Amino acid sequence: QLLKPPVEEVTLDEIYRHLTRDMVIPETTANSLAALELETEARFIQPVLTGLRMLERARESNTRVIYISDTYLPASFVRNQLEAHGIWREGDRLYASSEYGLTKRGGTLFRSVLQAEQIQPSQLTHIGNDIHADVKTPRRHKIAATLLPDANATRYEMILQDDAQGTAGLSASLAAASRAAR
């Protein structure tokens with residue numbers, strides 16, 4: 001059982017409950033929007049090849065795989081995506097911030113995973129794409145960490161994304177296409 005400090009992460013359901021209440025959106029509409037968000041996420045998720053190679057090397061050395069994700073999306077959705085892409089294996093573990101109300105950025109999710117898995121920081125190696133949540137925070141907790149920014153937007157893609165409103169979304173689509181092509 002994970003530690004339960006104050007909640008640091010929201011869930012998809014909480015987001016849409018707030019929309020229903022604060023923006024006076026009918027619950028059925030909010031539910032449809034949440035389902036559409038999950039459908040859109042699922043359609044555009046792509047594995048990162050460098051990450052897949054690192055994962056395979058870890059599996060070849062009989063390393064236990066633990067996925068630790070900062071996300072408001074349900075853990076079941078994350079696991080389904082890992083399964084859909086053939087990444088999840090029997091015995092893997094998943095800790096999603098939305099499920100536990102804890103985050104990597106704050107360090108509480110890492111501390112709780114160490115406790116739940118009954119391992120020491122030196123027994124965990126974390127790989128992720130965010131310099132703060134995936135590298136600096138785990139290192140502060142004596143966890144080895146590697147930055148894998150391959151799927152992050154490039155400087156040029158960020159410029160395109162920033163101009164999305166001025167181009168009616170076309171520049172954001174170009175940025176997404178660029179990322180997918182890489």
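The values are calculated or read from the model by the stated rules, or taken from the named source; none is laboratory data. Not measured: the values here are computed from a predicted model. FYI the Cβ positions are ideal-geometry reconstructions off the backbone, even for glycines, and counts take in every protein chain you see. Keep in mind that these areas ignore ligands, DNA and RNA; they rest on the heavy atoms of the full protein, side chains included. Shrake-Rupley method; radii C 1.70, N 1.55, O 1.52, S 1.80 Å.
Observations, loosely collected:
- There is no residue in the stretch 110-118 that is of a type in the set (Lys, Arg) and either at pLDDT below 95 or farther than 18 Å from residue 95 by Cα (or both).
- Filter result for the condition that a residue is within 23 Å of residue 133 (Cα to Cα) and not aromatic (Phe, Trp, Tyr), over 40, 20, 29, 71: 71
- So residue 61, is it open to solvent by less than 20 Å² (accessible area, probe 1.4 Å) and either touching a strand residue (DSSP E or B) at 6+ places or on another chain (Cβ under 8 Å) or over 29 Å from residue 180 (Cβ atoms) (or both): no
- Within the stretch 163-182, the set of residues being loosely packed, with under 14 Cβ neighbours inside 10 Å and of a type in the set (A, V, I, L, M) comprises 168, 170, 177, 180, 181.
- Test: residue in the stretch 89-98 that is over 15 Å from the mean Cα position of the chain (by Cα), open to solvent by less than 30 Å² (accessible area, probe 1.4 Å), on the phi < 0 side of the Ramachandran plot and not hydrophobic (A, V, I, L, M, F, W, C): yes
- Counted residues, the stretch 131-175 - those being touching a residue at least 12 places away in the same chain (Cβ under 8 Å) and under 20 Å from residue 71 (Cα atoms): 16
- Applying the condition of being surrounded by 14 or more Cβ atoms within 10 Å (Cβ to Cβ) and over 29 Å from residue 55 (Cα atoms) to the stretch 136-162 and asking which residue is nearest to the chain's Cα centre (by Cα) yields 161.
- Lone unmet requirement of (1) open to solvent by 70 Å² or more (accessible area, probe 1.4 Å); (2) at pLDDT below 95 for residue 106: (1)
- The listed residue being open to solvent by less than 80 Å² (accessible area, probe 1.4 Å), part of a helix (DSSP H, G or I), over 23 Å from residue 138 (Cβ atoms) and of a type in the set (S, T, N, Q), out of 50, 40: 40
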